Amino acid sequence: MDQKRRPAYCSNQAVTQNLILTMEDFLKFLIEPLLSEPKDLKITHQGSAIIIKVADADVGRIIGKHGVVISALRTLLRTFCTAQNIPFVTLTLDTPPVPVKKD
């Protein structure tokens, strides 16, 4: 059982890119069951940030009461990064703009 261990920091961009794709699959696995419209889920990667965009009706489901669900997703993502020995990424929810009330 001779297994090669990956160093704490991967300099190989192809390996890092594959882990990012795996991370996106992991997030889809966690998020899709929460959504009423899972086909509208879009996950993009920009630098050290992952941005999630969902349908307007599902934003509340992702945030949860007092932000509990989004906080749990961030914790699981941090744990995934630790387990895979990759740098941490930030998880951001792209929400629609709040309409401005005109008096």
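Read-outs: derived from the displayed coordinates by stated rules, not from any lab. Computed from a prediction, not measured in an experiment: that's the story for all the values here. Glycine gets a Cβ as well: all are built from the backbone with ideal geometry, and neighbour counts include every protein chain shown.
Looking at segment 84-103, which of its residues are within 19 Å of S36 (Cα to Cα) and loosely packed, with under 12 Cβ neighbours inside 10 Å?
The answer is D94, P96.
Condition check ((1) touching a Pro at 6+ places or on another chain (Cβ under 6 Å); (2) basic (K, R); (3) exposed (fewer than 15 other Cβ atoms within 10 Å of the Cβ)) across all residues:
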position: D40; (1), (2), (3): no, no, yes
position: Q46; (1), (2), (3): no, no, yes
position: K53; (1), (2), (3): no, yes, no
position: D56; (1), (2), (3): yes, no, yes
position: I62; (1), (2), (3): no, no, no
position: G67; (1), (2), (3): no, no, yes
position: R74; (1), (2), (3): no, yes, no
position: T82; (1), (2), (3): no, no, yes
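Please go through segment 78-100 and give me each residue that is within 15 Å of I50 (Cβ to Cβ) and outside any loop (DSSP other than H, G, I, E, B), ordered by number.
R78, T79, F80, C81, Q84, T90, L91, T92, L93, D94
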